[in-house]
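The values are calculated or read from the model by the stated rules, or taken from the named source; none is laboratory data. Bear in mind the structure is a predicted one, so any value in this text is a computation, not a measurement. Heads up, the Cβs are rebuilt from the backbone with ideal geometry, glycines too, and the neighbour counts pull from every protein chain shown.
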Amino acid sequence: MSKIIVTGVDGSDTALQAAKKAASYAIAFEAELHVLSAYAVNMTETIQSIRSRSLPGEAASAYKSMVHDAAQEAERIAVSVAETLRNDFPNLTVLSRAVEGPPGAAISGESERVGADLIVVGNKRVQGPTRILGSVARAIAAETDCDLLIVNTH
């Protein structure tokens, strides 16, 4: 059975730090690493865009364009981090993918789909009253059946 580690990235430095930690674990456990970047269309922007369109076809086109743009940006982020990790860890198998949905749900769902053994995320926004678990980590912990590692990136 192959071992799989999943990490979620969003273009932030803390996510990159967590991804590098995930890569070091993947090397240690002889696992492949899946780098995921989640995307979801901002509903406020979508509603504003639809309201500004006079024809239903234009609104649908605007929505499709927003989804496409969000997916492209998420893919760019995942590929960029994967390339960095391949350079830093040349013997590591790194796969990248954009996944639709809120980050916690998207990472949990994709981790289940690929049969992940471990999910690694950073502790971005894990400060103050939310320091017990950040929102993404909390969502993943509630939804996943595999182990979750929250990397201290501060």
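This table checks each residue for (1) assigned to a strand (DSSP E or B); (2) among the charged types (D, E, K, R); (3) at pLDDT below 95.
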{"site": "104", "(1), (2), (3)": "no, no, yes"}
{"site": "119", "(1), (2), (3)": "yes, no, no"}
{"site": "140", "(1), (2), (3)": "no, no, yes"}
{"site": "145", "(1), (2), (3)": "no, yes, yes"}
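Checked against the criteria, residue 74 counts as under 14 Å from residue 35 (Cα atoms) and assigned to a helix (DSSP H, G or I).
Looking across 97, 113, 131, one residue alone is surrounded by fewer than 21 Cβ atoms within 10 Å (Cβ to Cβ), over 20 Å from residue 76 (Cα atoms) and modelled with pLDDT of 95 or more. It is 113.
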